[in-house]
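The values are calculated or read from the model by the stated rules, or taken from the named source; none is laboratory data. Here the structure is a predicted model, which is why all the values come from computation and not from measurement. In this analysis, Cβ positions are derived from the backbone assuming ideal geometry, glycine residues included, and neighbour counts consider all displayed protein chains.
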Amino acid sequence: MSILFLTAAGAAPEAAAQFGLIPALKEGGPISIAIFSVMVIMSVFSFYIMFTKLFEQQKVLNQYKDVRAQFWRAASLEEGAAKLEKNSAYRQVVDDGIEAQKQHGLLTDPVEAHDWLHSAMARSEDAINSKLSTGLPFLATVGATAPFVGLLGTVIGIYSALIKIGIAGQADIGKIAGPVGEALIMTAIGLFVAVPAVLAYNWLQARNKTIARSLSDFSNEVIGFMSSGGRLKPTPTAAAAGKPAPAAVKK
């Protein structure tokens, strides 16, 4: 029994060397190597986008906590904006609102102040949401196409196996094991690339929707503050990002 075990253990490295990833890619030739390289690039960029977007989103979510806790303690929008980070998404919304209010005073045609402010704030929100969404279409594309790219490698591997069967004149397992193994490996790699990309896309999209709701709530609060001359002001709170904004109170 021990002799059989040692023999199997010694044969395993030889089998791995004969039917591993590198031999499988060599079996498929330049086309399989090119397909494998494409999937590696897709995977690397997918994980890069996933981690960078997670960092950006978490930064904005943390900024919302600061807004709820500090911003509305200020007496004016300018004072509140000064308490926020310079590159804060919520400071951008405030700055754009203040600028829109100044621009409204320069208009010669009668335009409702609320409509003008709402339009300006909506553009500011769209710009922030668009920035947070960059890269996500690539994840969706990878999730949709990676299985088919792997399937292309599978087709090439099966085709190579059939050619060898035709040349040999019989289905010799030794002749087709390599191409079939290469085909299965390419299928697995395609799924390995696609599944994380799809999961990351859905997760990041859900987090972006949470941020978009927070931006919309904050934008409406700023418009209410400006339209009421500072009398309509939310109560400062340390509520976590994503929770409903507190009811506004009159000052």
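Using the structure shown, decide if Ala177 is surrounded by 13 or more Cβ atoms within 10 Å (Cβ to Cβ), modelled with pLDDT under 80 and among the small types (Gly, Ala, Ser). Spell out the reasoning first.
Values: surrounded by 13 or more Cβ atoms within 10 Å (Cβ to Cβ): yes; modelled with pLDDT under 80: yes; among the small types (Gly, Ala, Ser): yes.
Taking the combined requirement at face value, the residue satisfies it.
So in the stretch 76-89, with the set limited to residues that are touching a residue at least 60 places away in the same chain (Cβ under 8 Å) and under 20 Å from Gly229 (Cα atoms), which one is surrounded by the most Cβ atoms within 10 Å (Cβ to Cβ)?
Start the filter on the stretch 76-89 by keeping residues that are touching a residue at least 60 places away in the same chain (Cβ under 8 Å), which leaves 76-77, 89.
Next, from what is left, pick out any that are under 20 Å from Gly229 (Cα atoms): 76-77.
Values: Ser76: 11, Leu77: 18.
That would be Leu77.
For the stretch 129-137, check the following and say yes or no: at least one residue is surrounded by 18 or more Cβ atoms within 10 Å (Cβ to Cβ), touching a Lys or Arg at 6+ places or on another chain (Cβ under 8 Å) and without any contact (Cβ under 8 Å) to a residue 24 or more places away in the chain.
Checking the stretch 129-137: not a single residue is surrounded by 18 or more Cβ atoms within 10 Å (Cβ to Cβ), touching a Lys or Arg at 6+ places or on another chain (Cβ under 8 Å) and without any contact (Cβ under 8 Å) to a residue 24 or more places away in the chain.
How many residues does the stretch 56-100 contain that are within 16 Å of Met121 (Cβ to Cβ) and either touching a Cys at 6+ places or on another chain (Cβ under 8 Å) or β-branched (Val, Ile, Thr) (or both)?
Count: 4.
If I ask for residues that are surrounded by 14 or more Cβ atoms within 10 Å (Cβ to Cβ) and polar (S, T, N, Q), which ones from the stretch 32-53 would you list?
Ser32, Ser43, Ser46
When you scan the stretch 114-128, do you find a residue that is surrounded by 15 or more Cβ atoms within 10 Å (Cβ to Cβ), modelled with pLDDT of 90 or more, touching a helix residue (DSSP H, G or I) at 6+ places or on another chain (Cβ under 9 Å) and outside any helix (DSSP H, G or I), even just one?
No, every residue in the stretch 114-128 fails to be surrounded by 15 or more Cβ atoms within 10 Å (Cβ to Cβ), modelled with pLDDT of 90 or more, touching a helix residue (DSSP H, G or I) at 6+ places or on another chain (Cβ under 9 Å) and outside any helix (DSSP H, G or I).
Being crowded, with 16+ Cβ neighbours inside 10 Å, among the acidic types (Asp, Glu) and more than 22 Å from Trp116 (Cα to Cα): is that true of Glu56 here?
Working: crowded, with 16+ Cβ neighbours inside 10 Å: yes; among the acidic types (Asp, Glu): yes; more than 22 Å from Trp116 (Cα to Cα): yes.
Taking the combined requirement at face value, the residue satisfies it.
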